[in-house]
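Reading through the structure tokens given below for one structure.
The values are calculated or read from the model by the stated rules, or taken from the named source; none is laboratory data. Values in this document were obtained by computation on a predicted structure and should not be read as measured data. Ideal geometry is used to build each Cβ from the backbone, glycine not excepted, and the neighbour counts take in all protein chains shown.
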Amino acid sequence: MTISTLTFQTNALAQMEALETALTQTQTELSTGSKLPNAAADPDAMGQVNQLNLQLSASQQYVTNGNTVTANLQLEQSALTNATNVLQSARSLAIEGNDSAMSVQDRQDIATQLQQLEQSLLGSANSTDSAGNYLFAGTASSTQPFVQNGSSVSYLGDSQVNQVQISAGQSVSAGDAGDSVFMNIPAGNGTFTTAAGAGNTGSGTIDTGSVVNPAAWVPDTYTITFTSPTQYQVTDSAGNVVVPPTTYTAGNAISFNGIEVTVSGAPATGDSFTVAPAGQASVFSTINSLITTLNSSTLNNAQISTQIGGAIQQIDNALNNFDGVQASVGGRLNSITTAASGAQTTQTQLQGTISTLSDTDYAAATTQLSTEELALQAAQESYASIAKLSLFNYVT
């Protein structure tokens with residue numbers, strides 16, 4: 001086969017150009033530390049690296065999200081701890097005030113202390129983060145959630161909570177809406193509430209009661225009426241007799257429709273007590289009711305005792321609610337910690353894969369550079385030697 005001078009020159013020059021290009025690329029790898037200076041260097045590898053970088057960026061964002069939520073949840077925990085301490089102090093004052101030997105002035109002094117505690121509780125409920133956002137306002141974080149108007153406290157936040165993604169398949173609530181923490185607390189024992197009649201004149205009191213057979217409970221407002229100091233009957237809201245006239249024994253349970261309540265003391269003829277379905281009450285209304293009771297100069301000791309007993313029950317309900325919220329916060333913090341640990345492992349793996357695909361192997365690249373330099377030098381010398389042959393000098 002005949003090879004023309006032009007063909008030889010073209011092939012030789014193309015070979016040297018390819019060697020020079022490879023040599024330049026290897027030198028670039030060594031100087032930059034990257035095997036992928038551009039997509040053309042290795043399109044498949046570059047595509048993989050781009051995809052891995054997207055996964056890495058997402059994982060890093062999850063960690064950032066988790067750190068932000070952690071800061072807010074820790075602030076919430078602190079606010080709830082303060083609120084718990086306030087309620088425990090209020091409970092102690094309620095027990096102190098439930099003493100028949102106390103004077104009206106003594107109870108009013110306790111009411112004054114409770115008013116101060118209420119302001120502390122309101123401050124905890126209106127806690128903010130470092131940016132001034134309200135922790136318990138739900139998604140309406142720029143709106144002060146709790147506003148006091150006289151003795152009433154209103155909630156102006158919303159019931160929604162932002163969900164923040166902390167891993168590819170997991171999100172957590174960034175906080176808790178104030179209505180679920182401070183406002184919508186089950187009243188009484190959670191099933192029903194008890195109260196003494198406003199016109200009672202005897203010394204009878206009623207406890208908060210209990211449910212012994214939930215299936216038999218029929219929600220309604222029931223009235224326990226004492227037809228004499230030693231006899232009572234129970235009627236429903238329509239006046240139907242639920243428990244016929246029965247002999248009263250102080251401290252013995254009164255049972256009907258799956259529930260039990262206990263009346264103690266000495267009720268007078270005409271005294272009454274009510275049992276009504278439990279609704280919800282705010283922690284602020286509970287404190288206010290307690291303040292009103294302690295400030296009263298007209299209630300008798302039995303009425304005061306019954307109302308304070310109900311307030312203590314309601315405070316316990318609020319404390320239980322706070323405990324539940326704090327447990328939820330703790331669970332979310334643990335989830336964030338676990339997710340962050342998993343993200344760290346994922347990021348390490350991703351970075352290792354990206355490094356394998358894109359980082360220069362200096363030992364291999366140095367060897368390759370030396371090989372390419374020798375190959376280029378040999379090609380150049382070979383071309384020069386052959387070009388001097390007479391065939392190239394005289395044959396066209």
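So which residues in segment 79-92 are within 24 Å of Ser297 (Cβ to Cβ) and crowded, with 21+ Cβ neighbours inside 10 Å, if there are any at all?
Ala90, the sole residue that qualifies.
Does segment 266-281 hold any residues that are buried (at least 23 other Cβ atoms within 10 Å of the Cβ) and touching an Asp or Glu at 6+ places or on another chain (Cβ under 9 Å), and which are they?
Val275
Among the strands (runs of 3 or more DSSP E) confined wholly to segment 234-323, which include 1 or more residues that are of a type in the set (Gly, Ala, Ser) and within 16 Å of Pro186 (Cβ to Cβ)?
Counting at least 1 such residues, we get 272-277.
Can you pull out every residue in segment 144-194 that is among the small types (Gly, Ala, Ser), free of Cβ contacts under 8 Å to residues at least 40 places away in the same chain and part of a loop (DSSP other than H, G, I, E, B)?
Gly150, Gly157, Ser159, Gly169
Looking only at segment 142-179, count every residue that is hydroxyl-bearing (Ser, Thr, Tyr), surrounded by 21 or more Cβ atoms within 10 Å (Cβ to Cβ) and at pLDDT 95 or above and tell me the total.
1
I need the full set of residues from segment 130-141 which are within 19 Å of Leu333 (Cβ to Cβ), touching a Leu at 6+ places or on another chain (Cβ under 9 Å) and modelled with pLDDT of 95 or more, in order please.
Within segment 130-141, Leu135 is the sole residue that qualifies.
If I go through segment 99-117 residue by residue, how many of them are within 24 Å of Val283 (Cα to Cα) and modelled with pLDDT under 95?
Qualifying residue count, segment 99-117: 1.
Provide a single number: the residues in segment 217-254 that are touching a strand residue (DSSP E or B) at 6+ places or on another chain (Cβ under 8 Å) and farther than 20 Å from Ala266 by Cβ.
Taking segment 217-254 as the starting set, the residues that turn out to be touching a strand residue (DSSP E or B) at 6+ places or on another chain (Cβ under 8 Å) are 217, 219-227, 230-237, 241-248, 250-254.
With the extra rule that they be farther than 20 Å from Ala266 by Cβ, the set shrinks to 217, 219-222, 235-237, 241-242, 244.
Total satisfying the criteria: 11.
Kindly establish whether Ile224 is within 13 Å of Gly197 (Cβ to Cβ) and at pLDDT 95 or above.
So Ile224 fits the description; yes.
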